[in-house]
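Okay, structure first, notes after.
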Amino acid sequence: MNNKEIMEKISELEQQIAELKEAAQKQDEPKAWKPNVEGEDYWYISESVSATNADFCEDDFDNRVIKSNNCFRTKERADEVAKKIRMLLKLEQYHDMFCPDYVPDWSSDDGKYIVIYDEVEKQWLCDVIFLIRDAVQVYFDSEETTQKVCDLLNGEDEENGSSYKSD
C-alpha cells in the first residue's frame, strides 16, 4: 500500500468514526416516551380534554395519538396537561369575547397584557410583558380587559373551572 492509499484509508476511517460518533450522540439524546409493546398501558387527552386510558396496539388511533404528542406514561401527567389545555382554551374564549381582533404587535415595545396565577395570593392577576413572547400565552388588548378576565376567573368556583386554585 502506498502513501496515497494509506492517507485515503485514514480519511475513510475518520469519516466512519465521525458517523459513528454522530449516531452514538443521537442515541443519547432524550426522546419522548411512547408505548412500544403490544398491550402497554398509556394515557392521552381525549376530545373532551380529559385524561383517557388506552392499551397500545399500534393501530391508526395509537399512531395518531403518538404522532400528535398526546401520549403520557401516567394518568397524573395526562391530567396535569389536560388542566393546562382547558385553561388555555378558556383564556382563548375570553380573548374572543372581549378583544377578538387583537393581535399583539411584536415589532412594538408596547405592553402586551396577560393573565397569570399568583401562587402566594391564590388568585389570577393582570401582568404586562413587552418583547418576550411566551410559547403558549393568550394576549389581551388592554389592562382593563385583562383585569375583567382575572375578575371572572377569580369569581369562579372549583366546579366551574378555576382549577388552578386547587393546586
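Kindly indicate the residue of the stretch 16-33 that is of a type in the set (Gly, Ala, Ser) and either at pLDDT below 85 or under 23 Å from the mean Cα position of the chain (by Cα) (or both) and also most open to solvent (accessible area, probe 1.4 Å) among those meeting that condition. My answer is Ala32.
I'd like to check something: does the stretch 92-113 contain any residue that is touching a helix residue (DSSP H, G or I) at 6+ places or on another chain (Cβ under 8 Å) and aliphatic (A, V, I, L, M)? No, because not a single residue in the stretch 92-113 is touching a helix residue (DSSP H, G or I) at 6+ places or on another chain (Cβ under 8 Å) and aliphatic (A, V, I, L, M). For Glu40, the criteria (1) open to solvent by less than 70 Å² (accessible area, probe 1.4 Å); (2) under 30 Å from Val115 (Cα atoms); (3) without any contact (Cβ under 8 Å) to a residue 60 or more places away in the chain; (4) among the charged types (D, E, K, R) hold in every case but one, which is (2). Of all the listed residues (Glu92, Glu76, Glu80), the sole one being open to solvent by less than 90 Å² (accessible area, probe 1.4 Å), free of Cβ contacts under 8 Å to residues at least 24 places away in the same chain and part of a helix (DSSP H, G or I) is Glu80.
In the stretch 123-145, the residue that is least open to solvent (accessible area, probe 1.4 Å) out of those that are closer than 20 Å to Asp96 by Cβ and among the aliphatic types (A, V, I, L, M) is Val138.
Answer yes if at least one residue in the stretch 153-164 is open to solvent by 60 Å² or more (accessible area, probe 1.4 Å), modelled with pLDDT of 95 or more and either over 24 Å from Ser50 (Cα atoms) or among the hydrophobic types (A, V, I, L, M, F, W, C) (or both), and no otherwise. Looking through the stretch 153-164, none of the residues is open to solvent by 60 Å² or more (accessible area, probe 1.4 Å), modelled with pLDDT of 95 or more and either over 24 Å from Ser50 (Cα atoms) or among the hydrophobic types (A, V, I, L, M, F, W, C) (or both).
The values are calculated or read from the model by the stated rules, or taken from the named source; none is laboratory data. None of the values given here were measured: they were computed from a predicted structure. In this analysis, Cβ positions are derived from the backbone assuming ideal geometry, glycine residues included, and neighbour counts consider all displayed protein chains. Areas reflect the complete protein model, heavy atoms only, side chains present, ligands, DNA and RNA absent. Shrake-Rupley method; radii C 1.70, N 1.55, O 1.52, S 1.80 Å.
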